[in-house]
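Read through the structure below, which is laid out as C-alpha cells, and then see the notes.
Where a number appears in this text, it was derived from the coordinates with a stated rule and is not lab data. Because the structure is a prediction, the values reported are computed rather than measured. Here Cβ is always computed from backbone atoms with ideal geometry, including for glycine, and neighbour counts include all displayed protein chains.
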Amino acid sequence: MTAVRILIADDHEIVRHGVRAVLERQAGWVVSAEAGSGRDAVAKTVDLQPDIVVIDVSMPELNGLDATRQIRRVAAAKVVVLTVHESEQVVREVVDAGAHGYIVKADAGRTLVEAIHVLMAGGTYFTKRAQLVADRRVGSRRAPGAGVPERLTRASAKCCSCSLKANPTRRSAWRSEWPPRLRKPTGRRFCQDSSCTR
C-alpha cells in the first residue's frame, strides 16, 4: 500500500497534535511535517511534496488562503482548508484560492478522514453549506459572456432565426457563433412560422 503523506499547517500546536492523532490512526497515512505559519507550510510543501496539505486560514506571516495559492502553483498536493470560519465570504475566498476541500474544525473529527479519502480519489470535499456557495462560485465563472449562450434551446433558436431572416449576412455571421450541434445545416426549421426562411 502506497503511503499517503500529509502536511498539517496550523498556528496552534494543540490543534496540529489533535489532527495528527486523527490522521495517523489510518493505515498507510503518514504526517510528513507540521507547520506553524503559512510561509513555513509553503516551504515544507516544496521540500517534501506531500500528497495532502491540511491548512488553517488564520496564520502568521502568510495566511492560509495566500499559502494555498502559492502551494497550488508549486506543488501537486491537494489542499483541504480546516478552519473555524463558516461565513460565505470565507468559503468564496477558499474556492478562489484553489483549495480542494473545506472543513469546519468543529466537524473535523468525523469529516477530515472522509475528506482526504475523497481528495485522494480525485474529488473535492466541502461541507453541505460550503458546497452550495462553491457551486455558485464556479457557476459564475463559467457563465457565458456577451453573445450566444452556450446552451441555446430550440425555442431560442427559433426566435433568433426568425428575427434575423431579413438580414442574411448578419444571420450567417451570427449563426457561426452557435454551438456546433445547432450549426449543422439540417434543413429543418426551428420554428413553425411558414414564412421563416431558415
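At 7 Å along Cα-to-Cβ for each site, give me the label-to-label distance between residue 27 and residue 43 in nm.
So the two model labels end up 3.8 nm from each other.
What's the extension gain from residue 131 to residue 117 if we count 0.36 nm per residue and subtract their Cα-Cα distance?
3.3 nm
Mind putting a number on the dipole of region 4-140 about its Cα centre? Charges go on the C-beta only, +1 for Lys and Arg and -1 for Asp and Glu, and I need it in Debye to the nearest 20.
Charge dipole of region 4-140: 380 debye, to the nearest 20.
Would you please name the trypsin sites (Lys or Arg not before Pro) within region 1-75 that are DSSP coil residues with at most 16 other C-beta atoms within 10 Å of their C-beta?
Working: sites: 5, 16, 20, 25, 39, 44, 69, 72, 73; in loops: 25.
Those satisfying the criteria are 25.
For the modelled label position 7 Å from the Cα of residue 73 along Cα-to-Cβ, which residues of region 23-39 have backbone nitrogen atoms closer than 16 Å?
38-39
Test of understanding: what is the full-extension gain from residue 89 to residue 17, defined as 0.36 nm times their sequence separation minus their Cα-Cα distance?
Values: separation 72, 0.36 × 72 = 25.92 nm, distance 2.83 nm.
Once the chain is fully extended between residue 89 and residue 17, it gains 23.1 nm.
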